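Trainee: Below are the structure tokens for one structure; questions will follow.
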Amino acid sequence: LDVNIELPKSSEAATQRVKISIYFATWWALNVVFNIYNKKVLNAYPFPWLTSTLSLATGSLIMLVSWVTRIAEFPKTDLEFWKNLFPVAVAHTIGHVAATVSMSKVAVSFTHIIKSGEPAFSVLVSRFFLGETFPLPVYLSLVPIIGGCALSAATELNFNMTGFMGAMISNLAFVFRNIFSKKGMKGKSVSGMNYYACLSIMSLLILTPFAIAMEGPQMWAVGWQNALSQIGPNFVWWVAAQSIFYHLYNQVSYMSLDEISPLTFSIGNTMKRISVIVSSIIIFQTPVRPINALGAAIAILGTFIYSQSKQ
Ligand code: 3PG
């Protein structure tokens, strides 16, 4: 018996809301776990170029196995697809390694406070590189974003220039990644999950030689022995956890990008940062001055005003 039940519009909308809530909750939870293990690893093993490479390698391996075992459908791609993916992969690689270098130098919360300034970069890049203009409220929302980030940076107890610049470079690189991604995913036949998988593989190929040049196997081996003797065998699980969770949270974020508008995506990303900032401050007992927290709150509020103004 073939019964075709049409859901009433309101229940369709409710189902969609539940679906998006599940995506968001999963994305944030995976991201919080990634950030905690990533910082635990970096504290014991300060080699951000290698840990960034391992995250991409693990994601690539997970997807290769999923394709071979047919858990995931193999993506149908052509040369044009990979050509369009290249600039996205360059930007993804720079943004990823810069954020990891930042987190190796400063508190996770500080990196994410600076990263909450990403919309400001998005507006400035769109304005000066693409000639796009925005309504006045959008520009005005940049005042609390930039002001809040600046206040937070100026009052950060453990300020470090490399940590600050890493987060800023990551912001800039991810804005370019998003612009190029939009172009690359337009009219695509590749799903969000497979798009991110191909991105991981290409980024891994780009990053590996730079990681070897910047740090190198000799330093990695000595550091690994130190970390193992300091932490014990659990250290290996920490590395595995940061790599696996990095892939999973990015995969879920690209899957949700398939379902939601870029605007909803950016609101979700900001909410994600709040959960990361709060949880990492609690877990790592990061000292925070009230003025520093005020800067973060102003920046995040600015991001919300930005999202509303763009709408
Ligand atoms: C990374 O290592 O790529 C960053 O932690 C990514 O940060 P984001 O996904 O929160 O922007």
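Trainee: Checking the condition within 30 Å of GLN16 (Cα to Cα) and of a type in the set (Phe, Trp, Tyr), which residue from PHE235, PHE210, PHE245 passes?
Mentor: One residue alone meets the criteria, PHE245.
Trainee: What residue, among those in region 121-172 that are in a loop (DSSP other than H, G, I, E, B) and without any contact (Cβ under 8 Å) to a residue 24 or more places away in the chain, is surrounded by the fewest Cβ atoms within 10 Å (Cβ to Cβ)? Give the steps one after another, and end with the answer.
Mentor: Narrowing region 121-172 to residues in a loop (DSSP other than H, G, I, E, B): 130-135, 155-160.
Okay, now just the ones that are also without any contact (Cβ under 8 Å) to a residue 24 or more places away in the chain, so 131-133.
Details: GLY131: 7, GLU132: 11, THR133: 10.
Here the answer is GLY131.
Trainee: So which helices (runs of 4 or more DSSP H) are wholly in region 35-120 and hold at least 1 residues that are of a type in the set (Lys, Arg) and within 16 Å of the ligand (Cβ to nearest atom)? Don't jump to the end; show me each part of the working.
Mentor: Working: elements: 48-68, 79-105, 108-115.
Hits in region 35-120: 79-105, 108-115.
Trainee: Could you list, in sequence order, the residues of region 272-301 that are of a type in the set (D, E, K, R) and away from the ligand (no atom under 16 Å from the Cβ)? Give the derivation first.
Mentor: Step one: list which residues in region 272-301 are of a type in the set (D, E, K, R), which gives 272-273, 289.
Residue satisfying the conditions is ARG289 alone.
Trainee: Something else about it: If PHE159 meets every condition in (1) more than 21 Å from the chain's Cα centre (by Cα); (2) within 16 Å of the ligand (Cβ to nearest atom) apart from one, which number is that one?
Mentor: (2)
Trainee: Follow-up question, since we're still on this one. Can you find a residue that is in contact (Cβ under 8 Å) with a residue 60 or more places away in the chain, in contact with a Phe, Trp or Tyr (Cβ under 6 Å, 6 or more places away or on another chain) and within 16 Å of the ligand (Cβ to nearest atom) anywhere in region 302-309?
Mentor: No, the conditions are met nowhere in region 302-309.
Trainee: Can you tell me which residues in region 254-271 are farther than 16 Å from SER122 by Cβ and within 12 Å of the ligand (Cβ to nearest atom)?
Mentor: Here is the first cut: in region 254-271, the ones farther than 16 Å from SER122 by Cβ are 254-256, 258-260, 271.
The answer is TYR254, MET271.
Trainee: Exactly one of (1) surrounded by 14 or more Cβ atoms within 10 Å (Cβ to Cβ); (2) out of contact with any Leu (no Cβ under 6 Å at 6 or more places or on another chain) is unmet by ASP258. Its number?
Mentor: (1)
Since every read-out is calculated from the coordinates, none of them should be taken as a lab result. All of these numbers come straight from a predicted model, not from anything done at the bench. Backbone-built Cβ (ideal geometry, glycine too); neighbour counts: all protein chains shown.
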